[in-house]
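The structure appears right after this line, and notes come after that.
The values are calculated or read from the model by the stated rules, or taken from the named source; none is laboratory data. These numbers were taken from a predicted model, which means no experiment stands behind them. Counting neighbours? That spans all protein chains shown, and the Cβs are built from the backbone with ideal geometry, glycine included.
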Amino acid sequence: MKIKYERPVIKKMNAGIMDKFGMPSQYDPVKEIDGVEVKQLIHQYGSPLFVLSEKQIRRNYQSAVRSFSTRYPKVQFAWSYKTNYINAVCKIFHQEGSWAEVVSGFEYLKALNNGVPGHQIIFNGPDKKAEDLRLAITNQSLIHIDHFNELDLIIVICEELNQKAKIAIRVNMDTGIYPIWDRFGFNYENGQAWTAINKVVKASNLELIGLHCHIGTFMLSCSAYEIATQKLCKLAMRCKTELQNTIHYLDLGGGFPSKNNLKGALTGTDSIPTIEEFAETITSTLLSFGFDTNEMPLLILESGRALIDDAGYLIGSVIANKRLSDGRRATIVDFGINLLFTSNWYDHQISAAQEYSQYTEETVLFGPLCMNIDVVRYSINLPLLETGDQLVVHKVGAYNMTQWMQFINMRPAVVLIDTKSSPHLIRKPETLDYLELMEELPTYLNT
């Protein structure tokens, strides 16, 4: 077969930088995931393909629970559905003992359908519809109020149902991290949160049982959680002493980072705080605050990203190589930003799935979409890949399977590898029939 001509260029080749441990391991090929060969997965389920490791999900969850529960006597995790709401994933977390944390009506229904009791569902978010609130109130779910309009609506619904609602107030605050996440909830510093608390306590059909905050995402500061915990504790104590209302739980939200590489970050993943460090900060603040032993509040955590990011992989194939006008090497792959939404803020680790020479070259990695913005990585050292070779993108378990788009290309299959290294199809690849399922063609066009 005639080899396609590619004009010669002079380009520095990168064989990797030696450190005290030898050659860098990120260039090692990744031929299998949890004992299943990448090429076998591609052959069986197609390319591109999302792969999730059940073993890693369970390991992450158990480790996080252990970090907190060995330091504090009352701890409960609630799986963040928006992070990844594929039912198989949610079921794993619920099997491990996690409650559900949802932010929409359809997520609430998914949690019920996954067998989560109503009283173990936390309903967050600013857009709770009246019918969703009725269902949540009827099921005795924990409703975290985001704004006064929602508070007024719940009071009206409770009067209609002649039923009490279990309420927590979401609080935003200054924790030294800027910009402050003050879009959600009621502000601590200006007294808005206290006003909302008073309104809930005075309402005969509402029961204030919790306080909640979520101070940010991919948080790199443990001290911010110390401040947040202190302020929620003060609010809880004030509720007890001034309003004679005991707060049963404090929900510190999520925001714990995964071990991904943030774009533009000057520090490596080794500088990212561990779950152990966050646990030490939060629990020591709670224990030292001064609650009576029999009134220690339940600590609820809604961590998502840190529990599943490193359990997810996206595997795909090389479509073509080319040289850009400035001489840079460009590789086109069959997955783009429609599937890898987090490539907008992460420089994901990307590995080849087959043996290759020791040489690498700085490469621009493009997706397959007919859009100039479809860039997976603007600059990455990769081996000299050929058409049909496979790549593995690491730590993609959080948000990519909820924020993906069926733009130009349809969404691929998702496979779960169980703890015995057997793959299971947990979401089928989309088809044209699926894509057109909700369409209606007017009669006058159907000729």
Original post:
Could you say whether any residue in segment 208-224 is surrounded by fewer than 21 Cβ atoms within 10 Å (Cβ to Cβ), more than 23 Å from the chain's Cα centre (by Cα) and part of a loop (DSSP other than H, G, I, E, B)?
Top reply: no
Original post:
Is there a residue being closer than 24 Å to S98 by Cα and at pLDDT 95 or above anywhere in segment 315-331?
Top reply: no
**OP:** Would you point out the residue of segment 64-106, among those that are under 17 Å from N400 (Cβ atoms) and without any contact (Cβ under 8 Å) to a residue 60 or more places away in the chain, that is surrounded by the most Cβ atoms within 10 Å (Cβ to Cβ)?
**Re:** Y81
**OP:** Go through the residues of segment 48-56 one by one and say whether even a single one is more than 22 Å from I143 (Cβ to Cβ) and either under 14 Å from the mean Cα position of the chain (by Cα) or among the small types (G, A, S) (or both).
**Re:** yes
**OP:** Just one of (1) over 16 Å from N87 (Cα atoms); (2) surrounded by 15 or more Cβ atoms within 10 Å (Cβ to Cβ) trips up V116, so point out which.
**Re:** (1)
Subject >> Pairs, first within 14 Å of K199 (Cβ to Cβ) and assigned by TED's automatic domain parsing to the domain that holds N205 in segment 139-159, second at pLDDT below 95 and in a loop (DSSP other than H, G, I, E, B), C-beta under 8 Å, six or more apart >> reply: none
**OP:** Residue by residue through segment 354-369, note down the ones that are modelled with pLDDT of 95 or more and in a loop (DSSP other than H, G, I, E, B).
**Re:** G367, P368, L369
Original post:
Taking the condition in a loop (DSSP other than H, G, I, E, B), at pLDDT below 95 and closer than 22 Å to Y45 by Cβ, does L385 pass?
Top reply: yes
Original post:
Hey, I408 hits all of (1) surrounded by 15 or more Cβ atoms within 10 Å (Cβ to Cβ); (2) assigned to a loop (DSSP other than H, G, I, E, B); (3) β-branched (V, I, T) but one; which does it fall short on?
Top reply: (1)
**OP:** Could you tell me which numbered condition L142 fails, if it satisfies all but one of (1) over 30 Å from V415 (Cβ atoms); (2) surrounded by fewer than 24 Cβ atoms within 10 Å (Cβ to Cβ)?
**Re:** (2)
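Yes/no per residue for (1) over 21 Å from K202 (Cβ atoms); (2) of a type in the set (D, E, K, R); (3) at pLDDT 95 or above:
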{"site": "H94", "(1), (2), (3)": "yes, no, yes"}
{"site": "W99", "(1), (2), (3)": "yes, no, yes"}
{"site": "H147", "(1), (2), (3)": "no, no, yes"}
{"site": "I157", "(1), (2), (3)": "no, no, yes"}
{"site": "K166", "(1), (2), (3)": "no, yes, yes"}
{"site": "V171", "(1), (2), (3)": "no, no, yes"}
{"site": "I180", "(1), (2), (3)": "yes, no, no"}
